[in-house]
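Presented below is the structure to which this report refers.
What follows is calculated from the coordinates using simple rules that are stated; it is not laboratory data. These numbers come from a predicted model, not from an experiment. Cβ placement follows ideal geometry from the backbone for every residue including glycine, while neighbour counts extend to all protein chains displayed.
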Amino acid sequence: MSARKVSATKHPPIPVLRPLLPAAERLLPYLRAIDASRVYSNHGPLVTELARRLAAVLKQPEGSIVCAASGTAALTGAILAAAGRAKPSSALCIVPAFTFVATASAVEQCGYHPYLADVDSDSWMLDPRQLAADPKLDQVGLVVPVAPFGRAVPQEPWRAFRRATGIPVVIDGAASFEVIEARPGRFLGDIPVALSFHATKSFATGEGGAVVTTDCDVASRIMQALNFGFLSSRDSEVPSINGKMSEFHAAVGLAELDHWPAKRAALHAVIACYRRLLDAAGLVHRFVGWPDIASCYPLFRCLDPAEASRVQQSLDNDRVDFRLWYGSGVHRQSYFRELAHGDLAVTDRLGPCLLGLPSAPDLSEGAVARVVAALATVKADVAA
Ligand SMILES: *Cc1c(COP(=O)(O)O)cnc(C)c1O
């Protein structure tokens, strides 16, 4: 490997993701409302208002959004409502290997054995047409397609899959709020979509999440599954967890929503800055970002693992933090190593090569320039 300048270690580190949630002053009116209502959880006024306002933003009918304590809780509630706990004859759940571990955790907590499938090399998602021919399909009780890096999953091909196979589908839409907001008609419908409002996601409440579905019965069962199985009485009628969002997290969500257009614009400006500087460096074709995926994930695509390790070294040398957001796939995580899986060639190729770059609504142009300068050393390597 070529000699590198180490003088850059004077630079302060750039963290990979530095969330920026509403400041205390913007929370205060909502916190005072909590003081006045003395309702702290259990579908209080702030959670109700947040669900209503989110439905308006996503152009969905009232009652189509159920707030949850986290994205993982949202996914668990959606699975319990749409498919129920696993039955012995159909205990497999198809999950992409290329996802964050939360997808497999939620599926497993509902009693399913995750069966890891590979993703399509262009969309980075499960391909419903390919799965329809899977020999294990008669043992499958659920499919959970994932929105990779917030690239939203279209409803229609999965509706066709569900019609053809009779297998329930729940979408792990985790980071896809922004992409869905831009085209709700394509990405929302009766198939439940679980969203995460974790601090690292573009729209965030700290911890939190929601499920969106236009199927009112499913929405009401999700609410029940996230509240001990209670619906209109204190009788636990269905399998459940406590996955409710608290009024305090709803307060953050409402303040976040008040300021969302400005935060979204700031995130998009950072992505535009990446594109401009990468273009000047002749590397923009390697960039993946908004509007293709969520703006909290600027990604740099390396050609192969060897190049990825050179790029990582270069970023390290200049104290630029980066992240392989999905590691090398769920099958590489200790606990999930033994899971059944098909051929995972695409996941194995993508995992080590998609580098998550620094992101923050207030990331400066100077910081982006440092990231791009570190990335540009790849080109020098190629030329050498
Ligand atoms: C963030 C994320 C989740 C989990 O969300 P939490 O709110 O942290 O529980 C699930 N799946 C994917 C793909 C994610 O990116």
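In terms of packing, defined here as the mean over residues of other Cβ atoms within 10 angstrom, the peptides 39-49, 183-193 line up highest first as 183-193, 39-49. Scanning the chain for cysteines with no neighbouring cysteine C-beta under 4.7 angstrom from their C-beta gives Cys67, Cys93, Cys110, Cys216, Cys273, Cys296. Against the empirical curve 2.2 N^0.38 Å, the C-alpha radius of gyration of the chain lands at a ratio of 1.02. For segment 24-258, the relative contact order works out to 28 percent when only alpha carbon pairs closer than 8 Å and six or more residues apart are counted. Applying 1/(1 + (r/R0)^6) with r as the Cβ-Cβ distance of Arg85 and Ala281 and R0 = 45 angstrom yields a FRET efficiency of 0.30.
Of Pro114, Pro22, Pro148, the residue with the greatest mean-square motion in the GNM of the chain, using alpha carbon springs below 10 Å, is Pro22. Annotation for Lys136 and Glu338: the two label points, set 7 Å from Cα along the Cα-Cβ direction, are 1.5 nm apart. The stretch between Cys216 and Asp258, if pulled fully straight at 0.36 nm per residue, gains 12.4 nm over its current Cα-Cα span.
Measuring r between the beta carbons of Arg38 and Ala182 and using R0 = 45 Å, the FRET efficiency lands at 0.70. Keeping to pairs on different chains or 8 or more places apart, tell me how many lysine pairs in the chain have Cα atoms under 25 Å apart. Lysine pairs meeting the criterion: 8. Between Val57 and Lys10, the contour length at 0.36 nm per residue exceeds the Cα-Cα span by 12.5 nm. Descending by average beta-carbon neighbour count within 10 Å, the peptides 346-355, 227-236, 365-374 line up as 346-355, 365-374, 227-236, the highest first. The DSSP beta bridges internal to the chain are antiparallel in roughly 50% of cases. Using a Gaussian network model of the chain with C-alpha springs under 10 Å, which one of Ala55, Ala133, Ala86 is most mobile by mean-square fluctuation? Looking only at Ala55, Ala133, Ala86, the largest GNM fluctuation is found for Ala133.
Show me the three semi-axes of the equivalent ellipsoid for segment 174-235, from the C-alpha gyration tensor (sqrt of 5 times each eigenvalue), largest first, rounded to whole Å. Semi-axes from the Cα gyration tensor: 24, 17, 6 Å. Which FRET efficiency value, to the nearest 0.05, do you get for Arg18 and Ser121 by plugging their Cβ-Cβ distance into 1/(1 + (r/R0)^6) with R0 = 35 Å? Computed FRET efficiency for Arg18 and Ser121: 0.65. Using only the Cα atoms of segment 7-143, build the gyration tensor, take square roots of its eigenvalues as a ≥ b ≥ c, and label the shape rounded, prolate or oblate: rounded if a/c is under 1.5, else prolate if a/b is larger than b/c, else oblate. It is oblate, given that a/c is not under 1.5 and a/b is not larger than b/c.
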